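Asker: The structure's right below; bear with me while I get my questions together.
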Amino acid sequence: MIRYLIIDDEPLARDELKHLLEQESEFEFVGEAANAIAGLSLINKLKPDLIFLDIQMPKITGLELASMLDDNQLPRIVFVTAYDEYAIKAFEEKAFDYILKPIEVSRLQQTLTRLKQDHTPKPMLFDDKPNLTVLPCYYHHTIKLIQLSEVEYVMSDHSGIHIITAAGQSHTHLTLKTLEEKSALLRCHKQYLIAEQAIKEIQLHENASADIITPSGHKVPVSRRYLKAIKHHFGIQTG
């Protein structure tokens, strides 16, 4: 059974795709989302085998959402788009397939046949340079899009992943691993990432650990394991 999720900001498009897949006994519908932020939450919660992902969505596009996913837990992605020029980009990003809107039944069947035959997700190969510039976050009942340039640090605890800025704290469904690999944030501790621009001073301790002081006065721990790398990043001699 292939468990699938639909992420598309058009309700009629979601309904049409669900209707076309209703008679496919090997495919199980597990959920839908109207935007990339809600979609990211469902992906982490439901862990689908397959995502039908619209490309042209407000705030965060389907391509941007795909770049936020953990490469080691990547579902198969079929991009669905009304814009043919995006199809080439989709294949550049190594999607499993793409389908143009309005969906033709014969074209969808080609994709479904391939999905039944090949259960191996294709890796999403993005540029080596950092590509996350906006982080989707939650604060109480509000969805926030935080610019990476506003972030001081990120921390992980038993309740989740927290983004800290000068204005306060929000929560995200992005993992520390994804944030480390796909943004310019620096690892300074098993549970912390720090923004380069937020390192105001480094307080060294006798046990070879340290604390980073941010412009807002937050104290961020630096473990012995990562202190040398932090120093090296700034060209600080270690002795």
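Asker: Express the accessible area of the chain per residue in Å², computed with a 1.4 Å probe while the remaining protein chains stay in the model.
Answerer: 53
Asker: Right, next: Please list, by residue number, every one of the GluC sites (Glu not before Pro) in the stretch 14-86 that is coil in DSSP and has at most 11 other beta-carbon atoms within 10 Å.
Answerer: Sparse-neighbourhood loop GluC sites (Glu not before Pro): Glu22, Glu26.
Asker: Another question, if that's okay. So how strong a dipole does the chain carry about its Cα centre when Lys and Arg Cβ are +1 and Asp and Glu Cβ are -1, to the nearest 20 debye? The partial results should precede the final answer.
Answerer: On the way: 26 positive and 33 negative charges, 195 e Å.
Using Cβ point charges on Lys, Arg, Asp and Glu, the chain gives about 940 debye.
Asker: At most 15 other C-beta atoms within 10 Å and a DSSP loop state: those are the exposed trypsin sites (Lys or Arg not before Pro) I care about. Give me the longest piece of the chain that has none.
Answerer: The longest uninterrupted stretch comes out as 95-189.
Asker: How long is the stretch 168-224 along each principal axis, judged by its Cα atoms, biggest number first, in Å?
Answerer: 35, 23, 17
Asker: Within the P(r) computed for the stretch 1-73, what percentage of the Cα pairs occupies the region above 14 Å?
Answerer: I get 56 percent for the Cα pairs in the stretch 1-73 exceeding 14 Å.
Asker: Treating only the Cβ of Lys, Arg, Asp and Glu as charged (+1, +1, -1, -1), what charge dipole size does the stretch 143-239 show about its Cα centre? Round to the nearest 20 debye.
Answerer: So the magnitude is around 260 debye.
Asker: Beyond 25 Å, how much of the Cα-Cα pair distribution for the chain remains, as a whole percent? Don't jump to the answer; show the numbers that get you there.
Answerer: Working: 13420 of 28441 pairs.
So the pairs more than 25 Å apart make up 47 percent of the total in the chain.
Asker: Would you work out which of Leu193, Tyr139, Ile213 lies farthest towards the positive end of the dipole of the chain, given +1 charges on the beta-carbon of Lys and Arg and -1 on that of Asp and Glu, about the Cα centre?
Answerer: Ile213
Asker: Mean-square fluctuation check for the chain, GNM, Cα pairs under 10 Å: which of Ser216, Ser183, Ser41 is largest?
Answerer: In this elastic network of the chain, the residue with the biggest mean-square fluctuation among Ser216, Ser183, Ser41 is Ser216.
Asker: For the stretch 128-239, build the convex hull from the C-alpha positions and give me its volume per residue in Å³. Before the final figure, lay out each step's value.
Answerer: On the way: hull volume 11.9 nm³, N = 112.
In the stretch 128-239, the Cα hull volume divided by residue count equals 106 Å³.
Asker: In whole percent, how big is the carbon plus sulfur part of the accessible area of the chain, probe 1.4 Å, protein atoms only?
Answerer: Working: 6390 of 12750 Å².
Answer for the chain is 50 percent, counting heavy atoms of protein chains only.
Asker: If you don't mind, another one. How big, on average over all directions, is the shadow cast by the Cα convex hull of the stretch 197-239, in nm²?
Answerer: Details: hull surface 11.9 nm².
Spelled out: convex hull of the Cα atoms, projected over all directions, averaged, 3.0 nm².
Asker: Past 30 Å, Cα to Cα, is the threshold; run Lys144/Lys200; Lys144/Lys219; Lys45/Lys219; Lys47/Lys200; Lys47/Lys144 against it and keep the listed order.
Answerer: Long pairs (Cα-Cα over 30 Å): Lys45/Lys219; Lys47/Lys200.
The values are calculated or read from the model by the stated rules, or taken from the named source; none is laboratory data. Fair warning: this is a prediction, and the values are worked out from it, not measured in the lab. Because the Cβ atoms are built from the backbone with ideal geometry, glycine has one as well, and the counts that use them run over all protein chains shown. Heavy atoms of the whole protein, side chains included, go into the accessibility calculation; ligands, DNA and RNA do not. Shrake-Rupley method; radii C 1.70, N 1.55, O 1.52, S 1.80 Å.
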